[in-house]
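Structure record follows, encoded as structure tokens.
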Amino acid sequence: MNEAQALAIKPTGNEFLDDVLEGLRAAPKSLPPKYFYDSVGSQYFDEICNLTDYYPYHTELELLPQVGHEIAQRFHARGLQNLEIVEFGAGSLRKVGILLRALRTVRHFTAIDISQEHLIEACRTLESQYRELTIHPCVHDFTKPLKLSPSDRTRVGFFPGSTIGNLDRDQARTFLRNAGKTLGSASYMIIGVDTQKPEPILHRAYNDGKGVTARFNKNMLVRINRELGGDFTLENFAHHAFYNSELGRIEMHLRSLKEQAVNIDGERFHFGRGESIHTENSYKYRPVDFTQLAKEAGWSTERLWLAPEDLFSISLLKYCGE
Ligand code: AVI
């Protein structure tokens, strides 16, 4: 892995500014959740993952060894050896280690992530642990189409953590369709998807007692102030997260605690007291609904594993085109 490789694909233009202005001009106001993940935001997210209240992370982590083992047996029975794992939104790469230990014939790993610093650091760590692995870091917004160089390897997409839940259903279908094109025919996908469950468990996961999720949410405003010269007063906004049962999703907002105005790049935005900026959705799927969604995007479900108490699911999908 080399830093120049990652730099070469760094996004250009000021897309961040354009997206922020567009989101704050809209009614209701919103900001895209992908901007949570600068290096500070990625660290907050790692902290969230260490909280007991945030069940998706440790539940998936505990289910993965069994999933990896069973997938290894399946692939072995099919004579599949020349494998490459492609992780979308590579995060801390802790989970992929479990897969690498189970799927011992993997020699190539492509890590795709929007945060360059975080990606490089994570790849360096992985490199030191898996000497025989060739790592290809790729700074990219995984919600956009991506073409990888042609290869005779069987590509296995890896999309853990229910990050797909941060996309609405149309975006999720588009992501899966694009991922199929990126990975190619005869590819597979291992995907972690959070399930619908009693509201108190969900509520706790997004309103943790230590306030880490609140800091993670507010970091969006810190970034806008620092990188775009905005003048948000942080104390004037509060973290607000709740389960919208009708739409089957957690919604995160930043709620204005008073009537106020904020300036960004010479533009003034007015906030009424109680008005909110919608920063994230986190959809929770019933297994049948996710299987159907994947099918509509060209993926058949080979197997779906459920964690105890159906707290989380991991699916093995096979690409069959559309
Ligand atoms: C990355 N993503 C799946 C997390 C989620 O649960 O939707 C992001 C997150 N937001 C608040 N806490 C964690």
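The values are calculated or read from the model by the stated rules, or taken from the named source; none is laboratory data. The structure displayed is predicted, hence computed values, not measured ones. Positions of Cβ are backbone-derived with ideal geometry, glycine not excepted, and every protein chain shown enters the neighbour counts. Areas reflect the complete protein model, heavy atoms only, side chains present, ligands, DNA and RNA absent. Shrake-Rupley method; radii C 1.70, N 1.55, O 1.52, S 1.80 Å.
Would you mind working out the accessible area per residue for the stretch 56-122, using a 1.4 Å probe, and quoting it in Å²?
Values: 2760 Å² over 67 residues.
Dividing the accessible area of the stretch 56-122 by its residue count gives 41 Å².
Looking only at the stretch 26-69, which residues have a backbone nitrogen under 20 Å from a spot 7 Å from the Cα of GLN129 in the C-beta direction?
42-52, 56-69
Compute the length gained on full extension between ASP310 and ARG101: take 0.36 nm times their separation in residues and subtract their Cα-Cα distance, giving the result in nm to one decimal.
Values: separation 209, 0.36 × 209 = 75.24 nm, distance 2.52 nm.
So the chain would gain 72.7 nm between ASP310 and ARG101.
Where the only charges are on Cβ atoms (+1 Lys, Arg; -1 Asp, Glu), what is the dipole of the stretch 232-291 about its Cα centre, to the nearest 20 debye? Please report the intermediate quantities before stating the final value.
Details: 7 positive and 9 negative charges, 38 e Å.
So the dipole magnitude of the stretch 232-291 works out to roughly 180 debye.
Would you please classify the overall shape of the stretch 275-322 from the alpha carbon gyration tensor, given that a ≥ b ≥ c denote the square roots of the eigenvalues, rounded means a/c under 1.5, and beyond that prolate means a/b larger than b/c while oblate covers the rest? Could you put the intermediate results ahead of the total?
Numbers: a/c = 3.33, a/b = 1.44, b/c = 2.32.
Oblate, since a/c reaches 1.5 and b/c is not below a/b.
Work out, step by step, the length gained on full extension between GLU302 and LYS318: first 0.36 nm times the residue separation, then minus their alpha carbon distance; give nm to one decimal. Don't skip to the answer; put the middle values down first.
On the way: separation 16, 0.36 × 16 = 5.76 nm, distance 0.67 nm.
Contour length minus Cα-Cα distance gives 5.1 nm.
Among HIS58, ALA77, TYR35, whose Cα projects farthest towards the positive end of the dipole of the chain, with charges put on the beta-carbon of Lys, Arg (+1) and Asp, Glu (-1)?
ALA77
Using a ≥ b ≥ c from the Cα gyration tensor of the stretch 210-322 (square roots of the eigenvalues), is it rounded, prolate or oblate, where a/c under 1.5 gives rounded and otherwise the larger of a/b and b/c decides, a/b for prolate?
Judged from the Cα gyration tensor, the stretch 210-322 comes out prolate (a/c at least 1.5, a/b above b/c).
Using a 1.4 Å probe over the heavy atoms of the protein chains, calculate the carbon and sulfur portion of the accessible area of the chain as a whole percent. It would help to have the intermediate numbers written out before the result.
On the way: 7150 of 14700 Å².
C and S fraction of accessible area: 49 percent.
Using a/c under 1.5 as the rounded threshold, could you call the stretch 154-224 rounded, prolate or oblate? The axes a ≥ b ≥ c are square roots of the C-alpha gyration tensor eigenvalues, and prolate needs a/b larger than b/c, oblate otherwise.
Working: a/c = 2.72, a/b = 1.85, b/c = 1.47.
Taking the square roots of the gyration eigenvalues as a ≥ b ≥ c, the stretch 154-224 is prolate.
Any idea what the dipole of the chain comes to, in debye rounded to 20, about its Cα centre with Lys/Arg Cβ at +1 and Asp/Glu Cβ at -1? Could the numbers behind the result be given before it?
On the way: 38 positive and 42 negative charges, 156 e Å.
Computed charge dipole of the chain: roughly 760 debye.
For LYS34, LYS95, give me the order by solvent-accessible area with a 1.4 Å probe, most accessible first, ignoring ligands, DNA and RNA.
Working: LYS34 50, LYS95 20 Å².
Ranked list, largest accessible area first: LYS34, LYS95.
Could you work out [θ]222 nm for the chain from helices alone, using -39500 (n - 2.57) per DSSP H run of at least four and dividing by all its residues? Round to the nearest 500 deg cm²/dmol.
Numbers: 10 runs with 124 residues, N = 322.
Mean residue ellipticity, 222 nm, calculated: -12000 deg cm²/dmol.
Over the Cα atoms of the chain, how large are the radius of gyration and the largest Cα-Cα distance (Dmax), in Å?
19.8, 64
For the stretch 264-275, what does the Karplus curve 6.51 cos²θ - 1.76 cosθ + 1.60, with θ = phi - 60°, yield as ³J(HN,Hα) per residue in whole Hz, taken in order and with x for Gly and Pro?
9, 6, x, 10, 9, 10, 9, 10, x, 5, x, 5
Between helix 169-183 and the chain, what is the angle of the helix's C-alpha long axis to the longest principal axis, kept within 0 to 90° and rounded to the nearest 10?
Between helix and principal axis, roughly 40 degrees.
Could you put ARG249, ARG153, ARG107 in order of accessible surface area, largest first, with the 1.4 Å probe and the full protein assembly present?
Details: ARG249 35, ARG153 60, ARG107 105 Å².
So, going from the largest accessible area down, we get ARG107, ARG153, ARG249.
Could you work out the relative contact order of the chain? I mean the mean sequence separation of Cα pairs under 8 Å and 6+ apart, divided by the number of residues, in percent. Mind showing how you got there, number by number?
Working: 599 pairs, mean separation 64.7, N = 322.
Dividing the mean separation by the residue count of the chain yields 20 percent.
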